[in-house]
Amino acid sequence: MPSTLFTPHQNRRQFLNTLLVGSTALAFGGLIGSRPARAAAANPFTLPPLPYAENALEPVISARTLNFHYGKHHQGYVNNLNKLVEGTSLADQSLVEVIKASASSNQTLIFNNAAQVWNHSFYWNSLNPKGGGKPSGALAEMIEKSFGGFEPFKTEFAKAATSQFGSGWAWLVQDGDKLAVVKTGNADTPLVQGQKPLLTIDVWEHAYYLDYQNRRADYVAAVLDRLINWDFAAQNLAS
Ligand code: MN
């Protein structure tokens, strides 16, 4: 440190005092201001990028469907959530924390939008342009143990997806030492049921109506045969 700055000794002390007073003032300024000292960023939740191009799932799911589904529906849930948590303590929390906190406190509007943000990100990753086929390794063994084989699993998953009345989701989840197929209505998610989601298919009409109209079963069968992302499920199982 150049000696010229702080000689004589008195000047150095004054300089340090000025620094301390300055930082104390800043801290109090934060406390008495309209925002807390560690203010939450505006719009803390963002739309994650799609893991592939909008036309990458064609012909099973069209670019037009993805454009609306990701660009309007998913983005809409993100925008709604940001508005709903603005100025609340939830704005500082992770998405999963917001889902769990709003579920346990019956803040339905926040839960619906937060869960839909998470569910859709999980759905995009549950699909892969080079997906379909069968799982292997530990995941295949657990499917065998839990459902009696891959074909019985597929039948049960397709049945859950097509029989969900109205809007919702079909899921493959880990529940304790077994796998299970579950369906949830609207925004509901197995995350708040103590289950670990491995895969999902969105069965809201907006997911398939432009491409399949009322033929939900055809959409579900095509996704299972050609898009479902077994690598993602295996990663989730191992995590
Ligand atoms: Mn959707």
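The values are calculated or read from the model by the stated rules, or taken from the named source; none is laboratory data. Worth saying up front: this structure is predicted, and the values here are computed from it rather than measured. Note: ideal-geometry Cβ built from the backbone for every residue, glycine included; neighbour counts use all protein chains shown.
Taking the range 41-65 only, how many residues are of a type outside the set (Gly, Ala, Ser), within 16 Å of the ligand (Cβ to nearest atom), surrounded by 15 or more Cβ atoms within 10 Å (Cβ to Cβ) and over 17 Å from the mean Cα position of the chain (by Cα)?
Going through the range 41-65 one residue at a time, the tally reaches 5.
Quick one: in the range 188-211, which of the residues that are polar (S, T, N, Q) and modelled with pLDDT of 95 or more is nearest to the ligand (Cβ to nearest atom)?
The first filter runs over the range 188-211 and keeps only residues polar (S, T, N, Q), leaving 189, 193, 195, 200.
From what is left, the residues that are modelled with pLDDT of 95 or more are 189, 195, 200.
Values: Thr189: 12, Gln195: 20, Thr200: 10 Å.
Per the stated criteria, the residue is Thr200.
Specify which of the listed residues (Ala238, Ala158) is in contact (Cβ under 8 Å) with a residue 60 or more places away in the chain, away from the ligand (no atom under 15 Å from the Cβ) and surrounded by fewer than 16 Cβ atoms within 10 Å (Cβ to Cβ). Outline the logic, then answer.
Working: Ala158 fails: surrounded by fewer than 16 Cβ atoms within 10 Å (Cβ to Cβ).
Matching residue, one of Ala238, Ala158: Ala238.
Residue-wise test of (1) over 26 Å from Leu227 (Cα atoms); (2) at pLDDT 95 or above; (3) among the charged types (D, E, K, R).
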residue: Ala25; (1), (2), (3): yes, no, no
residue: Ile32; (1), (2), (3): yes, no, no
residue: Pro49; (1), (2), (3): no, yes, no
residue: His74; (1), (2), (3): no, yes, no
residue: Lys83; (1), (2), (3): yes, yes, yes
residue: Gln93; (1), (2), (3): yes, yes, no
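Within the range 194-221, how many residues turn out to be crowded, with 19+ Cβ neighbours inside 10 Å and farther than 25 Å from Gln75 by Cβ?
Qualifying residue count for the region: 1.
Which members of the range 167-187 meet the condition of being surrounded by fewer than 20 Cβ atoms within 10 Å (Cβ to Cβ), outside any strand (DSSP E or B) and either within 16 Å of the ligand (Cβ to nearest atom) or among the hydroxyl-bearing types (Ser, Thr, Tyr) (or both)?
Ser167, Asn186
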